[in-house]
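To keep things clear, I will list the structure first and then write my remarks on it.
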Amino acid sequence: MGNAEDFKNNVSSAWCPGCSNFGILSALRNTFVKLNLRQQDIVITSGIGQAAKLPHYLNCNVFNGLHGRILPVATAIKAVNPKLTVISVSGDGDIYGEGGNHLLHAFRRNPDITVLVHNNGVYALTKGQASPTTELGVKTKLQFDGVKEEPMNPLVLAIAMNCSFVARGFAGDLDFLSDIIVAGIIHRGFALIDIIQPCLTFGVHQVPWYKDKIYRLTKDYNPNDKEAALKKAAEDGDKIATGIFYVNNKPTFPDITVNLAQKPVIEKDVLKKLLKTFE
């Protein structure tokens, strides 16, 4: 078994000192060690934003694409070679805003990929404008008189659309976050993991505010109960639950796609011939 150092590289970070993105990066490296994964067996896709820079700081295969367009790429990579562990990393603006339409159809298709969404309630890369998850009334440089639009609840949306794995983690609880990511990767199907990631520079709430409110779902919580999961995800009070909210075992994208179910694309003769031209 390797160690977390195996997944580090020498790329200088562009994140603010003390950014909670560093916690998510550490949790993901620890996840790879727990699962005994090799660098060559991992592919991480990302779009645009501070969260999307995370793959730049990992020693593994990376595809950095367009704003909000990471899920079609991740779906295609997994369809071509299902032996790969495919993870998408995004921010709340990138995937819930620009990429929202792709997210909805990923719920429907259920590709076997894991999506990590760094949710800080702002567009941090472009200096703090409101994102789809910004709370009502919050004032930003653009929404100077306060946000007037209802915030999106990604967990409720995912559960209502029968996403096969829905969870929430916290960048300040690394061991538990890593355990959630492990479960998401092991799960066969589309796993959405929304991660509370306080933005130290532009965020409305800082780490201590969250630590007073966040709690873990208990062992007696049943993630197979959709109605209970919806109620838990819709909680809007002084406490914020983290853990695995909802799980189901519906067929995956290759299972319902005859051409993929018969044989992975990477094993088809036409692709083998194409790859030989690059040798």
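Ordering SER26, SER12 by the number of other Cβ atoms within 10 Å of each residue's own Cβ, fewest first, gives SER12, SER26. The rule of thumb for compact globular proteins, 2.2 N^0.38 Å, goes into the C-alpha radius of gyration of the chain 0.99 times.
Over the chain, what is the relative contact order in whole percent, taking alpha-carbon pairs under 8 Å and six or more residues apart?
Relative contact order of the chain: 18 percent.
Once both labels are positioned 7 Å from their Cα atoms along Cα-to-Cβ, the gap between LYS276 and SER12 label points is 4.7 nm. Seen against the Cα atoms of the chain and their longest principal axis, helix 100-109 is set at about 50 degrees. Can you tell which of GLY65, GLY237, GLY93 shows the greatest fluctuation in a Gaussian network model of the chain with Cα springs below 10 Å? Checking each option, the largest mean-square fluctuation is seen for GLY237. One decimal place: the segment GLN206-ALA76 gains 43.1 nm when fully extended, by the rule 0.36 nm per residue minus the C-alpha distance. The angle between the Cα long axis of helix 174-186 and the longest principal axis of the Cα atoms of the chain comes to about 40 degrees, rounded to the nearest 10. Note on HIS118, HIS67: ascending count of other Cβ atoms within 10 Å places them as HIS67, HIS118, the fewest first. In a simple Cβ point-charge model (Lys, Arg +1; Asp, Glu -1; nothing else charged), segment 41-139 has a dipole of about 120 debye relative to its Cα centre.
First select every other residue whose beta carbon is under 15 angstrom from the beta carbon of ARG188; then total the charges, Lys and Arg +1, Asp and Glu -1. Charge balance in the 15 Å sphere: +2. The aspartates and glutamates within cross-link reach of LYS250, meaning a Cα-to-Cα straight distance under 15 Å and a gap of 8 or more places when in the same chain, are ASP112, ASP225.
DSSP bridge analysis restricted to segment 4-253 gives an antiparallel fraction near 15%, rounded to the nearest 5. Each residue of segment 160-173 was assigned a 3J(HN,Hα) from its phi angle through the Karplus expression (A = 6.51, B = -1.76, C = 1.60, θ = phi - 60°), giving 4, 8, 6, 4, 7, 7, 10, 8, 9, x, 9, 5, x, 10 Hz with x at Gly and Pro.
Going by average Cβ density within 10 Å per residue, which order do the peptides 191-199, 35-43, 108-116 take, highest to lowest?
On the way: 191-199: 25.7, 35-43: 14.9, 108-116: 23.3.
Output ranking for 191-199, 35-43, 108-116: 191-199, 108-116, 35-43.
In this structure the amide hydrogen of VAL62, modeled in the peptide plane, comes within under 5 Å of the amide hydrogens of ILE44, none closer than 5 places in sequence on its chain. Find how many whole Å separate the alpha carbon centroid of segment 103-152 from the alpha carbon centroid of segment 2-74. Answer, in whole Å: 20. For a Förster distance of 41 Å, can you work out the FRET efficiency between the beta-carbons of LEU35 and LYS148, rounded to the nearest 0.05? FRET efficiency, LEU35 to LYS148: 0.40. In the chain, a dipole from Cβ-located charges (positive for Lys and Arg, negative for Asp and Glu) runs towards its positive end, and of TYR57, ILE180, SER26 it is TYR57 whose Cα lies farthest in that direction. About its Cα centre, the dipole of the chain is roughly 660 debye, where the only charges are +1 on Lys and Arg Cβ and -1 on Asp and Glu Cβ. Selection among TRP209, VAL247, HIS67 by position relative to the dipole of the chain gives HIS67 as farthest towards the positive end (Cβ unit charges, Cα centre).
Treating the angle as unsigned and between 0 and 90°, give the value, to the nearest 10°, between the Cα long axis of helix 70-80 and the longest Cα principal axis of the chain. In the chain, helix 70-80 runs at an angle near 30 degrees to the longest axis. Each Lys and Arg Cβ is given +1 and each Asp and Glu Cβ -1; about its Cα centre, segment 1-88 then shows a dipole of about 140 debye.
Each reported figure results from applying straightforward, stated rules to the coordinates on display, with no laboratory input. Since the model is a prediction, treat every value here as computed from it, not as a measurement. Please note: Cβ atoms are built from the backbone with ideal geometry, for glycine as well, and neighbour counts cover all protein chains shown.
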